[in-house]
Amino acid sequence: MTFRHCVAVDLGASSGRVMLARYDSKHRTLTLREIHRFVNCLQKTDGFDTWDIDSLEKDIRLGLKKVCNEGILIDSIGIDTWGVDYVLLDKQGQRVGLPVSYRDNRTTGIMSQALVQIGKSEIYRRSGIQFLPFNTIYQLRALTKQQPELTAQVAHALLMPDYFSYRLTGEMNWEYTNATTTQLVNINTDDWDETLLTWTGAKKSWFGRPSHPGNVIGDWICPQGNRIPVVAVASHDTASAVIASPLANKHSAYLSSGTWSLMGFESKMPYTTDEALAANITNEGGAEGRYRVLKNIMGLWLLQRVLKERRITDLPALIAQTEALPACRFLINPNDDRFINPDDMSAEIQAACRETDQPVPVSDAELARCIFDSLALLYADILHELANLRGEKFTQLHIVGGGCQNALLNQLCADACGIRVMAGPVEASTLGNIGIQLMTLDELNNVDDFRQVISANYDLTTYIPNPDSEIARHVAQFQPKRQTKELCA
């Protein structure tokens with residue numbers, strides 16, 4: 001077959017897309033077309049911040065039906081989402097309650113209990129995953145302690161992408177890359193860690209053994225009656241994004257830039273040393289047994305909230321105004337957990353500047369400048385930390401995802417990090433999702449083969465560092481851990 005048509009369902013914390021890929025195996029060309037885009041937002045339910053899971057499923061099905069109604073024969077479907085959140089099911093396979101968002105405050109103080117009762121080094125030795133207060137391990141502990149009546153009804157717990165695959169196929173699956181974000185998978189066995197799981201109060205029977213990307217979960221029957229395989233892709237959106245990052249060599253780092261920014265490098269071995277623990281480095285699962293050694297950064301969530309609060313609709317105009325302002329007048333640590341979900345992000349940023357005796361950003365452009373400068377400086381700090389961890393400097397940084405369209409932030413990143421930045425592709429998560437599908441369909445050999453397809457089909461934009469820029473001169477002075485606490489470390 002010359003052409004393959006694969007559908008990627010890519011769900012982010014603020015929006016979702018159903019995308020159609022067309023792959024020409026003869027010429028190795030790959031094109032994407034957006035079929036359906038929809039909003040994903042939090043809602044308050046019984047005092048919790050929850051996801052409207054039924055609305056998301058409705059939009060996924062609508063997007064798939066749109067493809068089928070065009071007369072296109074779909075070869076496969078894959079679903080990727082954000083990590084850590086899950087859906088509970090009873091023994092009949094029906095949903096129990098609504099999935100609570102990782103941004104809900106129900107986990108406040110739970111991680112501290114774990115550090116006392118199990119021990120930080122012991123948790124890290126077992127999981128190799130960074131300490132974030134909303135990791136699934138702490139969410140499950142909050143669930144079992146705070147909602148015992150609900151817990152009593154539970155027979156299964158599925159992570160978000162696995163839930164949607166289940167709804168399409170009727171088959172349950174626990175995909176490995178997303179499972180590792182829970183901080184409950186043992187890094188040595190790739191299976192659920194019984195000690196950590198027991199501490200949560202959840203039953204091991206809620207979970208099946210994690211499966212690596214590339215297996216067919218089951219079939220979705222389209223309105224025309226065709227059975228379409230649903231593939232377990234690298235279902236954590238960052239894992240998919242890294243697959244589509246055209247990393248040139250082992251000296252290339254990546255930055256998946258979106259609501260969250262995730263900076264790291266690929267490795268065939270995990271890093272679980274005392275140094276890695278002290279730096280709060282995570283070793284999340286990737287495709288083909290590779291590890292995504294990285295750190296989470298709050299990312300463009302701060303900007304998204306400011307845009308919403310101030311009803312800013314013209315982002316290019318705001319960036320142009322921001323670029324005209326001097327650099328580094330207002331600086332915060334984006335990884336301070338005060339920015340996870342404040343009532344008013346603009347006010348929280350202003351308060352952080354005020355508390356550190358800095359000028360206070362007032363205008364829209366000043367707030368944006370604060371966010372961009374602070375992110376770029378934190379990127380530089382973390383890239384240096386990652387280089388020290390592996391004992392080798394990086395020579396190139398690949399920025400992928402929606403944030404790579406921000407030319408100002410890309411240049412600030414290049415200047416602050418002092419290395420060449422390659423921006424693109426924008427649709428990295430979707431493309432990585434498609435890549436695993438094509439490998440499962442035996443159209444491609446492996447991840448490296450797919451990256452060659454990406455390089456041949458997608459133009460990248462290069463940013464050369466300017467050592468004389470204001471932000472480059474400021475790098476040595478910026479120490480986020482001294483300014484305020486690091487995110488959840």
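The values are calculated or read from the model by the stated rules, or taken from the named source; none is laboratory data. These numbers come from a predicted model, not from an experiment. Every residue, glycine among them, receives a Cβ derived from its backbone with ideal geometry; neighbour counts consider all protein chains shown.
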- Query: So which residues in segment 353-409 are aromatic (Phe, Trp, Tyr) and more than 21 Å from the chain's Cα centre (by Cα)?
  - Reply: Phe394
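Per-residue answers, yes or no, for (1) over 28 Å from Ile436 (Cα atoms); (2) of a type outside the set (Ser, Thr, Tyr); (3) not assigned by TED's automatic domain parsing to the domain that holds Leu89:
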residue	(1), (2), (3)
Phe131	yes, yes, no
Tyr138	yes, no, no
Ala142	yes, yes, no
Ala155	yes, yes, no
Leu168	no, yes, no
Tyr176	no, no, no
- Task: Quick one: count up the residues across segment 201-223 that are assigned to a strand (DSSP E or B) and in contact (Cβ under 8 Å) with a residue 12 or more places away in the chain.
- Result: 6
- Message: Restricting to segment 332-353, name every residue that is in a loop (DSSP other than H, G, I, E, B) and surrounded by 21 or more Cβ atoms within 10 Å (Cβ to Cβ).
- Response: Ile332, Asn333, Pro334, Asn335
- Message: For segment 276-292: of the residues being touching a helix residue (DSSP H, G or I) at 6+ places or on another chain (Cβ under 7 Å) and crowded, with 22+ Cβ neighbours inside 10 Å, which is farthest from Arg369 (Cα to Cα)?
- Response: Ala287
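Per-residue answers, yes or no, for (1) modelled with pLDDT under 95; (2) closer than 28 Å to Val447 by Cβ; (3) outside the structural domain of Gly403 (by TED's automatic domain parsing):
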site	(1), (2), (3)
Thr272	no, yes, no
Ala276	no, yes, no
Asn283	no, yes, no
Asn296	yes, yes, no
Leu303	no, no, no
Leu307	no, no, no
- Note on the structure: Cβ pairs under 8 Å, 6+ apart or interchain, first in segment 168-197 and closer than 30 Å to Pro223 by Cβ and free of Cβ contacts under 8 Å to residues at least 60 places away in the same chain, second crowded, with 20+ Cβ neighbours inside 10 Å and of a type in the set (Gly, Ala, Ser), ordered by first then second residue, are Glu171/Ser165; Asn173/Ser165; Asn173/Ala232
- Item | Any hit, segment 233-240, residues being surrounded by fewer than 24 Cβ atoms within 10 Å (Cβ to Cβ) and part of a loop (DSSP other than H, G, I, E, B) | no
- If we scan segment 409-426, do we find a residue that is surrounded by fewer than 19 Cβ atoms within 10 Å (Cβ to Cβ), in contact with a strand residue (DSSP E or B) (Cβ under 6 Å, 6 or more places away or on another chain) and farther than 25 Å from Leu331 by Cα? no
- Subset of segment 56-113 [assigned to a strand (DSSP E or B) and not hydrophobic (A, V, I, L, M, F, W, C)]: Ser76, Gly78, Asp80, Thr81, Tyr86, Arg95
- Within segment 185-199, can you find the residues that are closer than 22 Å to Gly93 by Cβ and either in contact with a strand residue (DSSP E or B) (Cβ under 8 Å, 6 or more places away or on another chain) or not aliphatic (A, V, I, L, M) (or both)? Trp192
